[in-house]
Structure formats: C-alpha cells, structure tokens
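First the structure, in the form of structure tokens, and then the observations on it.
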Amino acid sequence: MKGILYGVGVGPGDPELMTLRAVRIIRENQVIALPGKDPRNATAYKIAVRAVPELSEKELVAIRMPMVRDRQKLMEEHRKGAELLKPLLDSGKNVVFLTLGDPSVYSTFSYIQDILAAEGYPVEMVSGVPSFCACAARLGLPLAEWDEEIRVIPAVHGGDLSFDRPGSYVLMKSAGRMPEIRKALIESGRSVHCVTDCGMETEKVYHGAEEIPEDAGYFTLIIVK
C-alpha cells in the first residue's frame, strides 16, 4: 500500500497555535518534508520543533520552492519535489509536509498535493490557524461582523487596491509592493492595522498605514477595515 501524504498546517508562528492533530501526526510519522534547501532553516520547522522536540530526530526531506514569478520554472521545481516524495510513498511510508498557516490558503503544499493526488497517491490535509485569523486575534479585532464581507488579497501578485468595496480586506504577501500599497491605503482613508512575524519573537504591530515600514518583511499581513 502507498503511504499517505499529509499537508500539515503549523499555524503562523506561535507553536502554541498548532493543533493537537498536527502534533500527533508529526509524532506518529518518521518522514517530514519541508520547503527550502535546508529543512532545519525552514520557518515551519522552527515553529513545529518547539512543540514537537522529537522532530529534530526524524528524517527530513528538503523540497525546493524558489521565490520566482516564472510559472513554468515553478512547475518544474514542484514536479521535482513530487518526484522526491514518490519513492517514499511507494515504499509505504507516510510523508508529513509542514506548511505555514493552513494548507488550504496560499500554501506551497497545494502544488505538491495536486501533482501526487492526480497520480493516485492518498493525500490528507490537516488544518492550521491561518495567519489572518491569528493577526486579527493579536490585534483584538473582529474580521467581520453581521453581514460584512472579507476579501483576502495576495497583494504581491497585483490586484485591485482601490479598497472601494464594503467590508474588510486582508492583504497577504504585501512586502514586495509595500510603497505602492501604503500609498493606496493612506488614500483610502480606511482604518489600517498590520502585524509582521505574527507569533514570532520578532513580531511587531502597526496601527495606521503611515506606521508600516516600506521595508516590512515577507511575513507582513495587513487588515483594512
């Protein structure tokens, strides 16, 4: 029998936000896949190992996930990653792929999942706390009330920055366009809140678009009310 590929969300940064199921599945399986060249440097590993110390003794598999815009190049790398996992799954071993936040939201896991599921490998997703929910909790801010809508935008890929629709906006992956985004936020006149590195030791909170630094890092999430 083929092994199961698990996509396990480890949450946004605080190991206490990992689910009991995520912890159990990591403990019960020996092969752990992580994005990047060095698994031990992966942010998902650094989060999970604080909740599951025995993770450091498991078999770690590096899945290269370069930060490039070339979709053809990305597809080639994703295929290489899937090919690395196939022999392990064919041997009957389960593989636990750790991903930040939730595996269903802009996750690197989804690309590997699509390839292997299409080839008949069993795949299961283990939900984790999404970054925008953790950031809203950190801010003490409800994302939506009554009939409000929520729009989640991967800002680095473009998209409408007019903020002219009712409800709340969540801007993920904002760092690459921060000067442009800050300008649009200031012009919108809306209430803006930002958390960088939510749940990590380097976490910072900003209130107002003017406060957000233009060099804010990759793990920057903005909530617009």
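None of the figures in this text is laboratory data; all of them are computed from the coordinates on show. Being a predicted model, the structure only gives us computed values, none of them experimental. Positions of Cβ are generated from backbone atoms using ideal geometry, with glycine treated the same way; all protein chains shown enter the neighbour counts.
So which trypsin sites (Lys or Arg not before Pro) in the stretch 160-203 pass both tests, a DSSP loop state and at most 11 other Cβ atoms within 10 Å of the Cβ?
Details: sites: LYS173, ARG177, ARG182, LYS183, ARG190; in loops: LYS173, ARG190.
Sparse-neighbourhood loop trypsin sites (Lys or Arg not before Pro): none present.
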Practice item. Subtract the Cα-Cα distance of GLU16 and MET75 from 0.36 nm times their separation in residues, and report this length gain in nm to one decimal. Key: 17.9 nm
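Set the Förster radius R0 to 35 Å, insert the Cβ-Cβ distance between ASP38 and ASP147 as r into 1/(1 + (r/R0)^6), and round the FRET efficiency to 0.05.
Numbers: r = 47 Å, r/R0 = 1.33.
Using R0 = 35 Å, I get an efficiency of 0.15.
What length, rounded to one decimal in nm, is gained on full extension from ASP114 through to GLU180, with 0.36 nm per residue of separation minus their alpha-carbon distance? Write out the running numbers ahead of the final one.
Values: separation 66, 0.36 × 66 = 23.76 nm, distance 3.33 nm.
The ASP114-GLU180 span can extend by a further 20.4 nm.
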**Study point:** Net charge over other residues, Cβ less than 13 angstrom from the Cβ of SER131 (K, R count +1; D, E count -1)
**Key:** -2
Point to revise | Environment charge at GLN113 (Cβ cut-off 14 Å; Lys +1, Arg +1, Asp -1, Glu -1) | key: -2
Study note, to complete from the structure: Computed about the Cα centre, the charge dipole of the stretch 150-200 from +1 Lys/Arg and -1 Asp/Glu charges at the Cβ has a magnitude in debye, to the nearest 20, of 20
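Hey, got the dipole for the chain? About the Cα centre, +1 on K and R Cβ, -1 on D and E Cβ, debye to the nearest 20? Could the numbers behind the result be given before it?
Numbers: 27 positive and 31 negative charges, 108 e Å.
Using Cβ point charges on Lys, Arg, Asp and Glu, the chain gives about 520 debye.
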Review point. For the residues LEU98, LEU20, LEU185, what sequence is obtained by ranking on other C-beta atoms within 10 Å, fewest first?
Key: LEU20, LEU185, LEU98
Review point. Per 5 Å bin, what is the whole-percent P(r) computed from every C-alpha pair distance within the stretch 5-126?
Key: 2, 12, 24, 26, 20, 11, 4, 0
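Nearest 5 is fine: what % of DSSP beta bridges in the chain come out antiparallel, could you say? Let's see the in-between values first.
Numbers: 13 of 35 bridges.
The answer is about 35 percent antiparallel.
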Revision key, fill the gap. In cubic angstrom per residue, the convex hull of the chain built on its Cα atoms measures 132
Review point. In the chain, with Lys and Arg counted as +1 and Asp and Glu as -1 at Cβ, which of these residues, MET178, PRO166, LEU34, has the Cα nearest the positive end of the dipole, that is, farthest along it?
Key: LEU34
Point to revise | DSSP-defined beta bridges in the stretch 142-225 - what % are antiparallel, rounded to 5 | key: 70
Check your understanding: What percent of all Cα-Cα pairs in the stretch 1-66 falls in each 10 Å bin, counting up from 0?
Key -> 21, 58, 20, 1
Revision key, fill the gap. Amide H contacts under 5 Å for VAL152, restricted to residues at least 5 apart in sequence or on another chain and with H modeled in the peptide plane, are VAL170
Practice item. Kindly flag which residue pairs out of LYS37/LYS183; LYS2/LYS80; LYS2/LYS173 have an alpha-carbon separation exceeding 29 Å in this structure. Key: LYS37/LYS183; LYS2/LYS173
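Subtract the Cα-Cα distance of GLU57 and GLU201 from 0.36 nm times their separation in residues, and report this length gain in nm to one decimal. Mind showing how you got there, number by number?
On the way: separation 144, 0.36 × 144 = 51.84 nm, distance 2.43 nm.
My answer for the length gained is 49.4 nm.
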Revision key, fill the gap. Of all chymotrypsin sites (Phe, Trp or Tyr not before Pro) in the stretch 143-225, the ones in DSSP coil with at most 12 other Cβ atoms within 10 Å are TRP146
